Each structure stands twice: as C-alpha cells, then as structure tokens.
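Structure record follows, encoded as structure tokens.
The values are calculated or read from the model by the stated rules, or taken from the named source; none is laboratory data. Note that this is a predicted model, so its numbers are computed, not measured. Don't worry about glycine lacking a Cβ; one is built from the backbone with ideal geometry, like all the others, and counts go over all protein chains shown.
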Amino acid sequence: MWTAYLSETYLLTGQIAKASTLAEQALALSRDRKERGYQAWALRLCGEIASQSEPPEIESAEAHYCQALALTEELGMRPLQAYCHHGLGTLYSQAGRAAPARAALSTAIEMYRAMDMTFWLPAAEAALAQVA
C-alpha cells in the first residue's frame, strides 16, 4: 500500500509519469499477493491517473474505475465505492457524457451523505452542478 500512497503523492504534485509507474507496481503487487482490497485501491488510483493524463485516457480510466467498483461491491468497501463513483462522474463529465456523469455523481453524493463523509460532498456537488 505504501507504493500506492507514494503514487498518489506524485499524482497530487502533477508528476503523472512517476505516479503511473508506481500505481502499476502497486497493482501488480496487490494481484501477486492476492490482496484484493489493496487491488481495488490501486485500480481506483490507476483510474485517477488515466483521467488526469494529458490528454485524458478516457477508456483506460473508465475500465480501471469499473474494475475497482466491481471489487468494492464484492468486498463491501463502501467508502472506496463512493470515491469510484465520484471519479467516474468526473470522468464522464470531462468526456461530455452528461447523463452517466449525473448518475455517477448523484450516487457518490448519496453514498457520501449516507456514510457522513461530508468532506467530499462539496466537490461532488460542485461537479454535479457543472454537469447540470
């Protein structure tokens, strides 16, 4: 998981290439070790990186988010599930796909509220307002 944390740090500082390399390493390690929870986190991170690449890698990001969502649903990882919906909604909005963007962002907002994850609500609500 430390590899994924470092990757996320690089992503937050705009160092996409380094973030991508480390995220792929984190994903490979989690798969090798059969750590499915960490695999879900790494898949979401790969989706974030692909969506923030220049130009955005829409299909890759969508695939990673969807794979992460499938694992989170199976493992009951609701907070990560909400993050994935938020990421997908933002991605769909970026790609000009308004209807799926609204659906994903609405789901994220609903989940954030249900879990009292209020820190993330303003960003998700602002993204939804931009789509509407």
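Observations on the model:
- Checked against (1) within 24 Å of Thr118 (Cβ to Cβ); (2) out of contact with any Phe, Trp or Tyr (no Cβ under 9 Å at 6 or more places or on another chain); (3) buried (at least 21 other Cβ atoms within 10 Å of the Cβ), Arg78 meets all criteria but (3).
- Only one of Ala40, Ala23, Ala108, Ala50 that is within 21 Å of Ala129 (Cβ to Cβ) and modelled with pLDDT of 95 or more: Ala108
- Within the stretch 62-103, the residues that satisfy the criterion of being among the small types (Gly, Ala, Ser) and either without any contact (Cβ under 8 Å) to a residue 12 or more places away in the chain or more than 10 Å from Arg44 (Cβ to Cβ) (or both) are Ala63, Ala70, Gly76, Ala82, Gly89, Ser93, Ala95, Gly96, Ala98, Ala99, Ala101, Ala103.
- Condition met for Leu88 (within 11 Å of the chain's Cα centre (by Cα) and either under 23 Å from Ala23 (Cβ atoms) or part of a helix (DSSP H, G or I) (or both)): yes
- For the stretch 51-60, the criterion of being assigned to a helix (DSSP H, G or I), free of Cβ contacts under 8 Å to residues at least 60 places away in the same chain, under 15 Å from Trp2 (Cβ atoms) and not charged (D, E, K, R) is met by none of the residues.
- Residue within the stretch 118-132 that is among the hydrophobic types (A, V, I, L, M, F, W, C), within 22 Å of Ala4 (Cα to Cα) and free of Cβ contacts under 8 Å to residues at least 60 places away in the same chain present: yes
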